[in-house]
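So the structure is just underneath, and the comments pick up after that.
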Amino acid sequence: MSLLKQYQEKYFRKFLNEFDKTVNDLFPDKISDLKDIFRYHLGLNDDPEKQGKRIRPLLTFLCTEGCGGIWESAIPAAIAIELIHNFSLIHDDIEDNGMSRRSKQTVWVKWGLARGINSGDAMFTSAFIALNKLEHKILSESLIDAYKLLSDTCLQLTIGQQLDIEFETRENITIADYYRMISGKTAALLSCCTQMGALISGLGLEDQMCYSKFGNEIGLAFQIYDDWLGIWGDPMVTGKSASSDLVEGKKSLPILIGLEKSKRFQERWLRKAITQDESATLAEWLCEDKVEESVMKEFRNWNCRALDTLSSLRCDKDIRSALFELAEKLLMRNR
């Protein structure tokens, strides 16, 4: 069994029990269907093997223990971060008109738009209620810092989402604009996980910021690779149609680099929406015109930076090895 798998098994039984209890305690009386919606969206009624990877709690626990802290102390923060992540997914599905997630109907499709918005709001608020239980685990000054970290992260997350929405109609988006967007939408929450672990363990601000930097770099590399999959990923593995980001008109990194580097791609992109039938040809153009090579160069850059930062962290040797393994799984995946 791999070292990472050993840590997952060590953490997740207790975490999932506490996660389940937190949701049940939030809604002790059957006065609405919010509990049902929470349990459905969070996968709490599903078999543990089908509940998803729970990457953010895992990252929080690893960083807490890696810094010399007691990993159980981070359970309230891990629950809070997972609730924030899932609140953002509920609202993303509404904003993107998403019909399914994790092979199930999305919340707004199953319960209606109004309930979807309201349940997302409830999940956001519940994260801060969950974080309250940290008061018995850390010093009061650190608790204030934890609230500030989570609040700041939420703002960065929603700014990133706002930029992503604006990009749908904005022209002349730069690669710098793209990085500002993914720094909030994707990287901010992973950075929160890694910094939160260091904070809960009692490390000073300088060390916390090193952990934050690692999480941010992992998040940027993760999103760039996700963008690569959106053009060149195997649809049999990703579960999406071939070159799906081209058909959807998503202004991902390959598209933005393509608009700079490939004149024929730029001319075709500006004319009208791309159809599924021609998407494979355009994906091939992007390869021939060195766009795919440039995207992978950006990915490798952030991947190397993340691993270099990880190597420099004050961290337990075994935990560092598990974090390297986790980074490899996140950054070289098929879907």
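Read-outs throughout are calculated quantities, based only on the coordinates presented, and are distinct from any laboratory measurement. Every value quoted in this text rests on a predicted model; they were computed, and no experiment measured them. Because the Cβ atoms are built from the backbone with ideal geometry, glycine has one as well, and the counts that use them run over all protein chains shown.
Details
- Net length available on complete extension from Tyr147 to Phe324 is 60.9 nm, with 0.36 nm assigned per residue and the Cα-Cα distance removed.
- Label-reachable residues, region 213-234, where backbone N falls under 18 Å from a point 7 Å from Ile173's Cα toward its Cβ: 220-232
- Extending 7 Å from Cα along the Cβ direction at Met296 and again at Ile165 yields two label points whose distance is 3.7 nm.
- Rg/Rh for region 1-159, where both radii come from Cα atoms and Rh is the Kirkwood radius: 0.96
- Placing +1 on the Cβ of every Lys and Arg and -1 on the Cβ of every Asp and Glu, with no other charges, gives region 3-331 a dipole of roughly 320 debye about its Cα centre.
- The calculated 222 nm mean residue ellipticity attributable to helices in the chain amounts to -23500 deg cm²/dmol, summing -39500 (n - 2.57) over DSSP H runs of n ≥ 4 and dividing by all residues.
- As a length-normalised measure over Cα pairs under 8 Å and 6 or more apart, the relative contact order of the chain settles at 19 percent.
- Label-to-label distance, Asp316 versus Ala114, with points set 7 angstrom from Cα along the beta-carbon direction: 5.0 nm.
- For region 133-286, the spread of Cα positions along each principal axis, largest first, Å: 59, 33, 24
- Loop-located trypsin sites (Lys or Arg not before Pro) across region 72-161 with a Cβ neighbour count of 13 or fewer within 10 Å are Arg102, with loop assigned by DSSP.
- For region 3-331, with +1 on Lys and Arg beta carbons and -1 on Asp and Glu, the positive-most of Phe87, Leu205, Leu259 along the dipole: Phe87
- Taking a straight Cα-Cα cut-off under 23 Å and skipping sequence neighbours fewer than 8 places away in the same chain, the lysines within cross-link reach of Lys10 are Lys21, Lys50, Lys53, Lys133, Lys137, Lys317, Lys329.
- Here the mean projected area of the convex hull built on the C-alpha positions of the chain is 17.1 nm².
- Mean projection area, nm², convex hull over Cα of region 128-171: 3.5
- Using the Cβ of Tyr7 as centre and a radius below 15 Å, the other residues enclosed give a net charge of +3, where K and R count +1 and D and E count -1.
- Label-point separation, Lys250 to Glu288 (7 Å along Cα→Cβ), nm: 2.5
- Sparse-neighbour loop sites [trypsin sites (Lys or Arg not before Pro); region 1-75; at most 16 other C-beta within 10 Å; DSSP]: Lys30, Lys53
- Net length available on complete extension from Lys30 to Asp96 is 20.7 nm, with 0.36 nm assigned per residue and the Cα-Cα distance removed.
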